[in-house]
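Just below is one structure, and these are the notes that go with it.
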Amino acid sequence: MTAFSKTKNKTTEGNRYILWGLVVIELFMSFSFLGYYIHIEPISMTFVYIPVLVAACILGPKEGALLGSVFGLASMWKASAFYVGAGDTIFSPVMSGKPIQSFLLSVASRALFGWIAGILYKIAKESKHPEIGILIVSSIGRAVHTFCVYLFMGLLFPEIGLTPANTLDEIFKPDYLLFVIVVDLIVWFFYKFRYSDHVKRFMKQVSSVDKINSIAGNKKGKIAVLAVLVAISSFSVAAYYTNRIGNVMRNYGIDLSTEISYDLMHLQIQFLLGMLSLAALAIIVIILYQKNTNYLYYEAQLDGLTGLCSRQLFFQEGETILCRMKFTEDDPGGYFIIMDIDYFKEINDQCGHPMGDGVLKLVAENLEKLFGNKGIIGRLGGDEFVVLVSHPASKSEIEDTLNKMREELAAIQAGERNVTCSIGVIPVESGYTIDQLYRSADRLLYEAKKNGKNQFVFGYRFQNENPKKTSKG
């Protein structure tokens, strides 16, 4: 038995949670001493751009650029106060008098740094010795960051007198070697941790729960509203405490200038952003824990052999999905698909049950690959599989997908027989239960078998009198 040809496996499950976790870590480090400075003469180290390197290493160039932008926005905000040193004002669009140049210096230079680091890490991971390559890239990360900043500084603020050539001054600082060792250890740890079997398995479980939840109902709108309310509340708290501090100072006969009041508000917002990022990190951890708990609940209802939904879970989730689907005249709606493997009993009898189980697993993998992001998939028992396609799709799109599936199944050799299947397909329509769709599709499956197997039969919509159409291999 030959397996399907597969593309190179990439670990993508749960990456968005890692990305958001690194974003809030970056913000927390930007607004706390944890990531900003360790200053013991002659050593002066900043760790605030380490999350950028981690994102570039374990996620990719785009994610590295995003983290770099977050780093740049945070540094731009911190530079936009009256108490900052004269040399830092060029990073602030408010203080420098050159808003566009300052934005590019603060944000674009850091985004470029993250993108370049991502490209270098990608090359390293595809090399013969990926871990050595990663350590090399991590070792030059600080120099790459300095080069990008000095490059923009030389182009946008030539009066400062710094150019990319000044990167060498950074490399020869007393703390550079110690910093390299620390960064190498941190990035290497996150790389090994992310690609450990335990984390990959955990993230795959989280991704499975996300897929079921996204099909059953999307809650992103509620989360966005909650985020806006939290932001408004936070700035309200900052304004309140700044006002109260002003009142306290006046009670003691100290009159605060406009600049001092602005700086107090500025610092209060920094404090709130730091605390909010810490709270957000805790929330992400809680969400991941909850999703893992949900997976254990789903796992008890999954088919043990294929990992697909069992009969009970499929009908339960399918009914929920149907209730949430919106049907309009212009919307082609979804489809209910049922399929059996042709001559599966003969495969088991002639080749043995291990061969039969292998065929079932490969069929499940094929269905997951083609329909996993379009709906839910179940194994109802034996060789009977079902799919509820909840995303809008035209008949031609479903036909193309089914033909592709039949071609890939035909590449599976079970004894002397190539695997084929019989399929019944019926469009989903408003007002019908998942059980009614199943029964209607099952009649079409029977017709496909009666007509010679190795084919799919389309049913008409319940409200349409068009005849059924059959497609044979």
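Scanning segment 337-346 for residues that are in contact with a Phe, Trp or Tyr (Cβ under 6 Å, 6 or more places away or on another chain), on the phi < 0 side of the Ramachandran plot and in contact (Cβ under 8 Å) with a residue 12 or more places away in the chain turns up at least one hit. Restricting segment 227-253 to residues that are open to solvent by 80 Å² or more (accessible area, probe 1.4 Å) and of a type in the set (A, V, I, L, M, F, W, C) leaves a set whose member that is farthest from the chain's Cα centre (by Cα) is F235. For beta carbons closer than 7 Å, sequence separation of 6+ or different chains, a first residue in segment 430-454 that is without any contact (Cβ under 8 Å) to a residue 12 or more places away in the chain and over 18 Å from Y343 (Cα atoms) and a second that is surrounded by 14 or more Cβ atoms within 10 Å (Cβ to Cβ) and of a type outside the set (D, E), there are no qualifying pairs. Cβ-Cβ distances below 6 Å connect the following pairs, each with a first residue in segment 313-333 that is closer than 18 Å to G378 by Cβ and open to solvent by 50 Å² or more (accessible area, probe 1.4 Å), a second residue that is part of a helix (DSSP H, G or I) and modelled with pLDDT of 80 or more, and a separation of six or more residues or different chains: E319/I434.
For every residue, the table says whether it meets (1) surrounded by fewer than 18 Cβ atoms within 10 Å (Cβ to Cβ); (2) among the hydrophobic types (A, V, I, L, M, F, W, C); (3) within 16 Å of S102 (Cα to Cα); (4) free of Cβ contacts under 8 Å to residues at least 40 places away in the same chain.
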| residue | (1), (2), (3), (4) |
| --- | --- |
| L135 | no, yes, no, no |
| I140 | yes, yes, no, yes |
| C148 | no, yes, yes, yes |
| P158 | yes, no, yes, yes |
| D169 | yes, no, no, yes |
| P174 | yes, no, no, no |
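Residues in segment 414-473 that are assigned to a loop (DSSP other than H, G, I, E, B), modelled with pLDDT of 80 or more and within 28 Å of G356 (Cβ to Cβ): V419, T420, N451, G452, K453, N454. Summed over segment 76-111, residues that are open to solvent by less than 60 Å² (accessible area, probe 1.4 Å), under 16 Å from H145 (Cβ atoms) and not β-branched (V, I, T) total 8. Summed over segment 379-405, residues that are polar (S, T, N, Q), in contact with a strand residue (DSSP E or B) (Cβ under 8 Å, 6 or more places away or on another chain) and surrounded by fewer than 19 Cβ atoms within 10 Å (Cβ to Cβ) total 1. Residues in segment 148-188 that are in contact with a helix residue (DSSP H, G or I) (Cβ under 7 Å, 6 or more places away or on another chain) and not in a helix (DSSP H, G or I) were compared, and the one that is farthest from I58 (Cα to Cα) is F157.
With respect to the conditions (1) part of a loop (DSSP other than H, G, I, E, B); (2) of a type outside the set (A, V, I, L, M, F, W, C); (3) within 25 Å of the chain's Cα centre (by Cα), Y297 lacks only one, and its number is (1).
Here is a check on your reading of the model: is Y37 farther than 30 Å from Q350 by Cα and at pLDDT below 70? Taking the combined requirement at face value, the residue satisfies it.
The values are calculated or read from the model by the stated rules, or taken from the named source; none is laboratory data. Given the structure is predicted, the values throughout are model-derived calculations rather than measurements. Reconstructed Cβ throughout: ideal geometry from the backbone, glycine too, with neighbour counts over all protein chains shown. Accessible surface areas use protein heavy atoms only, side chains included; no ligands, DNA or RNA. Shrake-Rupley method; radii C 1.70, N 1.55, O 1.52, S 1.80 Å.
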